[in-house]
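All remarks here apply to the structure that follows.
The values are calculated or read from the model by the stated rules, or taken from the named source; none is laboratory data. The model shown is predicted, which means the values in this text are computed figures rather than measured ones. Cβ placement follows ideal geometry from the backbone for every residue including glycine, while neighbour counts extend to all protein chains displayed. Just the protein is used for accessible areas: all its heavy atoms, side chains included, with ligands, DNA and RNA removed. Shrake-Rupley method; radii C 1.70, N 1.55, O 1.52, S 1.80 Å.
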Amino acid sequence: MITTHGKNRYLLGIDTGTSKTHAMLSTDDGVVVGFGEAGCGNYEVVGFDGFKDAMHEATAQTLSMAGIKKEQIISMGLGISGYDWPSEAPLMIRAIQSLGINCDFKFENDVTIGLIAGSSKGWGIAVDAGTGNNVRGRDPEGRIGRITGNSGYCGEIGGGSEMVWLAQIAVTHAWTLRGPKTQLTQTFMDFAEVDSEFELIEGLATEQIQLQPSLAEEIFRLAAKGDSIASEIITTSAYELALNVNAVTKQLDLQTFNFDLVLIGSIFKAGESYIRPFRQTVHTFAPGANPVLLSVPPVVGAVLLAAEVVGISLTEIRGALIDSLRQFGSRY
């Protein structure tokens, strides 16, 4: 256990996600003492004020639960959804400083804190496949590898949005007789509440019909029922996402290493129908990649990032922090 910083000094981690924002406070030896939650904290979605307000709300809950003062916090780590480029850093810093906590801090894209939380060594690669997709990596020296994080706009396929986009192409090709028929057509007609294939295609072409990323669940359902086009979409998505991982692996020269590949996001909950082709493509390039599903909240990685700021070994505190969080959570 770490004793060099005393018993009354704390690490604050904040994860501002698109679906929710979490804050967590621990002692510097990994004992969780407070937890807070707020709504969407992605500044690209809710704007600067919404981003800032979500952080304030989650942090205030955490401090209140722990019963400590801001002055007792020795460092902060933050994972920020929507933070992708250095030009955005001044905005991030302004929001963080508005918390009024006078200590050193470090912030990263939220996928990076998922990596830190899920990797046993604090480095490796994390891949997030939910509504969109993103891949971030860290090597043993702390170098960062990445894709753009701009999903289909930059040709990065793997999340629900891109799967539905591939399905929309398949449905359009079926209508023009360029491709085979698929049950996806009827599924999308039901979603759009239209009576004919023509109405569906017209609505898609004129953008009067907007298909939602949540329809990725229907793609998995139809694949399980034997729809070959739905199965092909799943395989294509898994293959493309794996290529994103391989690109980051190449950036960091990790292809000959054994490393944890942390899987984050709802797409991986589909299980082996997606993970199998994904894993096969990764292993052709990096056979030492060890896929592991993230089993703790990403905010754990934010606390570990705060620990890193003040020189606390991640391998020393990680196990204690996760064990403490499980005990802490069982009380509520």
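The numbered conditions (1) outside any strand (DSSP E or B); (2) open to solvent by less than 80 Å² (accessible area, probe 1.4 Å); (3) out of contact with any helix residue (DSSP H, G or I) (no Cβ under 6 Å at 6 or more places or on another chain) are all true for Asp260 except (1). Each residue in the range 254-271 was checked for being touching a Lys or Arg at 6+ places or on another chain (Cβ under 9 Å) and over 15 Å from Gly158 (Cβ atoms), and 2 of them qualify. There is no residue in the range 98-107 that is hydroxyl-bearing (Ser, Thr, Tyr), more than 22 Å from Ile264 (Cα to Cα) and in a helix (DSSP H, G or I). Each residue in the range 288-328 was checked for being touching a residue at least 60 places away in the same chain (Cβ under 8 Å), within 20 Å of Thr16 (Cα to Cα), open to solvent by 10 Å² or more (accessible area, probe 1.4 Å) and part of a helix (DSSP H, G or I), and 3 pass.
Listed by first and then second residue, the pairs with beta-carbon distance under 8 Å, at least 6 apart or on different chains, first residue in the range 231-258 and within 29 Å of Ala216 (Cα to Cα), second among the acidic types (Asp, Glu), are Ser237/Glu162; Glu240/Glu156; Glu240/Glu162; Asn244/Glu156. List every residue pair whose Cβ atoms lie under 6 Å apart, where the two residues are 6 or more positions apart in sequence or sit on different chains, the first residue falls within the range 69-95 and is surrounded by fewer than 23 Cβ atoms within 10 Å (Cβ to Cβ), and the second residue, located anywhere, is of a type in the set (Gly, Ala, Ser). Every condition considered, the pairs that remain are Asp84/Gly149. Quick one: would you say Lys225 is open to solvent by 40 Å² or more (accessible area, probe 1.4 Å) and either aromatic (Phe, Trp, Tyr) or closer than 19 Å to Asn133 by Cβ (or both)? No; evaluated as a whole, the condition is false for this residue.
Screening Val135 against (1) open to solvent by less than 10 Å² (accessible area, probe 1.4 Å); (2) touching a helix residue (DSSP H, G or I) at 6+ places or on another chain (Cβ under 6 Å); (3) more than 29 Å from Tyr239 (Cβ to Cβ) leaves a single unmet condition, (3).
The rows are residues; the columns are (1) touching a residue at least 60 places away in the same chain (Cβ under 8 Å); (2) crowded, with 23+ Cβ neighbours inside 10 Å.
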{"site": "Trp123", "(1), (2)": "yes, no"}
{"site": "Arg146", "(1), (2)": "yes, no"}
{"site": "Gly155", "(1), (2)": "no, no"}
{"site": "Val171", "(1), (2)": "no, yes"}
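Suppose we keep only residues that are modelled with pLDDT of 95 or more and among the basic types (Lys, Arg) within the range 263-300. Which one would you say is farthest from the chain's Cα centre (by Cα)? If we take residues in the range 263-300 being modelled with pLDDT of 95 or more and among the basic types (Lys, Arg), then Arg276 is farthest from the chain's Cα centre (by Cα).
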